[in-house]
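*Asks:* My structure is below; once you've seen it, I'll send some questions.
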Amino acid sequence: MTAPAPARTALVTGASRGIGRHLARGLAEEGLDVAILATDGGRLEEVRAELAANVPAARVVVVPADVTDEREVGLAVARAEEELGGIDLLVNNAGRIDAEVPLWEADPDEWWDVMAVNVRGPFLLARAVVPGMLGRGGGRIVAINSGSGTRDFAEASAYTASKSALFRIGGAIHLAAYERGIRTFELAPGVVHTDMTEGMRLHEGRSEWTDPVEVVALVAALARGDGDHLSGGFLRVGIDHPHELAARTSVRWLGLVDHPAGGTLG
C-alpha cells in the first residue's frame, strides 16, 4: 500500500475570500507552497500580495478559473502543477448557497447553479488533480463539507443536496484509490463568519463563530498525514482536534456511526 508523503504543495479553491483565503494563508504559514483558485483574478492578486507580505518564503501561484468550466479547470491545474512541481493537497472549498426557501419556491436556474459550483466543481478539480497525485505516489483531498449534508432541512435544498453529493464523491475516490496512495476527507468547518454565513437568515443574531484558525489547524494536520488512517471519513472542526487524530481508531460517517479507520464508506 502506498503512503503519501506530507504535503509540500496545495491547491485551494474559493481562495479569494472567506474560509479559502484563511486556508491559503494558513497553509503557506505551515510551509506549503500554494496555488490559489477563484473566479475573481483581482481578489486573488490581493491574496497573493497579502501572502507575499506576511509569508515571503511561500511560493504562491494565482490560477483564476471558473470551477464549473472543464477547460478552465484543466488549464488552472496544469499551470499549478507546472509551477509547483505537482499538487499534493487539493482543498475543494469553493461553494455557494441558494435562497433559504422551500424547494417549490426555489428558482430553478439558481438551484442548478449551486449544484454546478458545489458538485461539478469538486468533481472537475478532483478529476484533473488525481492523475498527477497517482503518478507521484499519492496525495490528499479535503472537501469543505457541512453537517447539513447529513440530514434533512426545510430550506436551501440545493445546498444540502450538494453537500450530500460531496460525500459520495469523496467515498468514490477513497474506495478506488486508497490502496494507491490517495486519502480523502470530508470536513465540516463549523460556522465561520464569512460573507455567505453573514447573509444567511439561519445565522441572524449569531454571536459565536468558529475561529478560522481552528479550520486551518485541522486541514494542516491532514496535510501532514496525521489523519491518513481516517481517510474516507467525516471530520468536524471543534469536535475533531488536530492533536487527537493520531490516536483515533474510528471516524464518523454522516455523523451517525463510527467506521474502522481506512474502512469503506457505507
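*Asks:* In the chain, what % of DSSP beta bridges are antiparallel (nearest 5)? Before the final figure, lay out each step's value.
*Replies:* On the way: 4 of 31 bridges.
Here the antiparallel bridges make up roughly 15 percent for the chain.
*Asks:* Sum up the charges of everything whose Cβ sits under 10 Å from the Cβ of residue 54, counting Lys and Arg as +1 and Asp and Glu as -1, but leave residue 54 out.
*Replies:* Charge balance near residue 54 sits at -1.
*Asks:* Can I ask one more? If 68, 39 are ordered by their accessible area, calculated over protein heavy atoms with a 1.4 Å probe, which sequence runs from highest to lowest?
*Replies:* 39, 68
*Asks:* State, to one decimal in nm², a quarter of the convex hull surface area for the C-alpha atoms of the chain, i.e. the direction-averaged projected area.
*Replies:* So the Cα hull casts an average projection of 13.4 nm².
*Asks:* Right, next: Short version: ³J(HN,Hα) in whole Hz for each residue of the stretch 55-63, in order, from phi by Karplus 6.51 cos²θ - 1.76 cosθ + 1.60 (θ = phi - 60°), x for Gly and Pro, what are they?
*Replies:* With coefficients 6.51, -1.76 and 1.60, one gets 9, x, 6, 7, 8, 10, 10, 8, 10 Hz.
*Asks:* Please list the non-local residues whose amide H lies under 5 Å from the amide H of residue 94, H modeled 1.01 Å from N, same-chain partners needing a gap of 5 or more.
*Replies:* When sequence neighbours closer than 5 places are left aside, the close amide H contacts are 13, 14.
*Asks:* Starting from the residue with the highest accessible area, list 140, 236, 127 in decreasing order, probe 1.4 Å.
*Replies:* I get 127, 236, 140, largest accessible area first.
*Asks:* Another one. For the chain, what does the relative contact order come out to in percent, with C-alpha contacts under 8 Å and a separation of six or more? Mind dumping the intermediate values first?
*Replies:* Numbers: 532 pairs, mean separation 49.7, N = 266.
Taking the mean separation of contacting Cα pairs over the length of the chain, I get 19 percent.
*Asks:* I've got another one for you. Show that you can apply the helix-only estimate: for the chain, add -39,500 (n - 2.57) for every DSSP H stretch of four or more residues, divide by all residues, and state [θ] at 222 nm to the nearest 500. Each step should come with its number before you reach the end.
*Replies:* On the way: 8 runs with 102 residues, N = 266.
The helix contribution divided over the chain gives -12000 deg cm²/dmol.
*Asks:* When the Karplus curve 6.51 cos²θ - 1.76 cosθ + 1.60 is applied with θ = phi - 60°, which whole-Hz ³J(HN,Hα) does each residue of the stretch 129-146 get, with x for Gly and Pro?
*Replies:* Calculated HN-Hα couplings, in order: 8, 4, x, x, 4, 4, x, 9, x, x, x, 10, 10, 10, 9, 6, 9, 7 Hz.
*Asks:* Can you list residues whose amide H is under 5 Å from residue 156's amide H, if they're 5+ apart or on another chain and H is modeled 1.01 Å from N?
*Replies:* HN-HN under 5 Å from residue 156: 101.
*Asks:* Only Cα pairs under 8 Å and at least 6 apart count here; give the relative contact order of the stretch 1-116 as a rounded whole percent.
*Replies:* Values: 181 pairs, mean separation 32.4, N = 116.
Averaging sequence separation for qualifying contacts and normalising by length gives 28 percent for the stretch 1-116.
*Asks:* Right, something else. Leaving ligands, DNA and RNA out of it, rank 239, 97 by accessible area with a 1.4 Å probe, largest first. Write out the running numbers ahead of the final one.
*Replies:* Values: 239 95, 97 35 Å².
Largest accessible area first, the residues go 239, 97.
*Asks:* Return the long-range amide H neighbours of residue 139 (sequence gap of 5 or more, or a different chain), with a cut-off of under 5 Å between placed amide H atoms.
*Replies:* 182, 183
*Asks:* So, taking all protein chains as they sit and a 1.4 Å probe, how much accessible area belongs to residue 243, in Å² rounded to tens?
*Replies:* Approximately 150 Å² for this residue.
The values are calculated or read from the model by the stated rules, or taken from the named source; none is laboratory data. Given the structure is predicted, the values throughout are model-derived calculations rather than measurements. All Cβ positions, glycine included, derive from the backbone under ideal geometry; neighbour counts span all protein chains shown. For the accessible areas, the whole protein counts, side chains as well, though only heavy atoms, and no ligand, DNA or RNA atoms are used. Shrake-Rupley method; radii C 1.70, N 1.55, O 1.52, S 1.80 Å.
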